[in-house]
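Below: one structure, written as structure tokens.
The values are calculated or read from the model by the stated rules, or taken from the named source; none is laboratory data. Keep in mind that this is a model prediction, so the values were computed, not measured. Note that we place each Cβ from the backbone using ideal geometry, even for glycine, and neighbour counts take in every protein chain shown. All accessible areas refer to the heavy atoms of the entire protein, side chains included, with ligands and DNA or RNA removed. Shrake-Rupley method; radii C 1.70, N 1.55, O 1.52, S 1.80 Å.
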Amino acid sequence: DGNDHACTRFALEYERANIPAKIVGAARTWKALPSNGSDGWTFDNLVGRFGDVAWRFSDIHGEMLTLRTYGKYISTAEGLTDDSPLAIYDAEFGDEDSPTSVLLDEYTVPQCFSPDLFDLALPSASDGGDDGGTDDIATCANRPPYRWILIGPARSGTGLHVDPLWTNAWVTVLQGRKRWLLFPPCTPPETIGMIEDQPQIPSSVWFRDYYEKVTSVDWPEERRPVEVLQ
């Protein structure tokens, strides 16, 4: 429920201990939640509201598609049969100059995650300089991506990885399902397909080639992943 006692317990028992946790009811009051008497963030509703807006597919490259064009892709033979379908992975949907920034008012960060450590770590206008506006712009430019909206069809997903900034994340699914496999830190990366200097294995290919191996009775117990269907 986000009260102080629950947040303290979460920080001590889960966050500090680096243990995955499921938070029940965190999205129940969101306007984004489809079951809250509105359409919420279903794909069809987002197309109706932002169909002509271009969305990003990566933090690394700048390729973009309008949501309406993306909808055509995932409903055609190409999107339905791709081994690793394109998925929207947009970290700029909440930027002030984005037409989708209104979405920030339709969800709230769970209280136990509210302290913004990026905001504390980055320089602010009060750290120096006469032109606060310039400093604010520089601070935003130096800030790593920290919030995303992800949209994808069946078989899409993020490949196995360790967060590049070593942060912890929270994820809410508003439509469809997402399968997670969370491996203990002691797991040798090469045994689960994370090969140094090699490209990340697409999630659908990873499940095809590694899933049976890591869930078999022969897989070492200390390396057994936590599996969650969200």
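For the chain, rounded, prolate or oblate, judged on the Cα gyration tensor with a ≥ b ≥ c (square roots of eigenvalues), a/c < 1.5 rounded, else prolate if a/b > b/c? Rounded, since a/c falls under 1.5.
For residue 178, the lysines whose Cα falls under 16 Å of its own Cα, not counting residues fewer than eight places away in the same chain, are 22.
In this simple spin-label model, placing a label point 7 Å from the Cα along the Cα-to-Cβ direction at both residue 96 and residue 60 gives a separation of 3.1 nm. Residue farthest toward the positive end of the dipole of the chain, with Cβ of Lys/Arg at +1 and Asp/Glu at -1: which of 157, 19, 230? About the Cα centre, the residue reaching furthest to the positive side is 230.
Ligands, DNA and RNA are left out, and with a 1.4 angstrom probe the accessible area of the chain is 67 Å² per residue. The residue among 199, 41, 80 whose Cα reaches farthest toward the positive pole of the charge dipole of the chain, with charges on the beta-carbon of Lys, Arg, Asp and Glu, is 80. Which residue fluctuates most in the GNM of the chain (Cα springs below 10 Å): 175, 198, 111? The residue with the greatest mean-square fluctuation here is 198. Once a ≥ b ≥ c are taken as the square roots of the eigenvalues of the Cα gyration tensor of region 178-220, is the result rounded (a/c under 1.5), prolate (a/b larger than b/c) or oblate (a/b not larger than b/c)? Oblate shape, in that a/c is at least 1.5 and b/c is the bigger or equal ratio. Computed from backbone phi, the HN-Hα couplings of region 40-46 come to x, 8, 6, 4, 4, 5, 5 Hz, rounded to whole numbers (Karplus: 6.51 cos²θ - 1.76 cosθ + 1.60, θ = phi - 60°; Gly and Pro given as x). Ordering 107, 94, 64 by Cα displacement along the dipole of region 11-122 toward the positive end leaves 107 in first place; charges were set at the Cβ atoms of Lys, Arg (+1) and Asp, Glu (-1).
If the segment from residue 191 to residue 24 were pulled out straight at 0.36 nm per residue, it would be longer than the present Cα-Cα gap by 56.8 nm. Computed 3J(HN,Hα) for region 156-168, one whole-Hz value per residue from the Karplus formula 6.51 cos²θ - 1.76 cosθ + 1.60 where θ = phi - 60°, is 7, x, 8, x, 4, 7, 9, 3, x, 9, 6, 9, 9, glycine and proline marked x.
Computed from point charges on the beta carbon alone (+1 for Lys and Arg, -1 for Asp and Glu), the dipole magnitude for the chain about its Cα centre is near 1140 Debye. For region 7-109, a simple Cβ point-charge model (Lys and Arg +1, Asp and Glu -1, everything else neutral) yields a dipole of about 540 debye relative to the Cα centre. Taking amide hydrogens as placed 1.01 Å from N in the peptide plane, the amide H of residue 160 sits under 5 Å from those of 201, each at least 5 positions away in sequence or on another chain.
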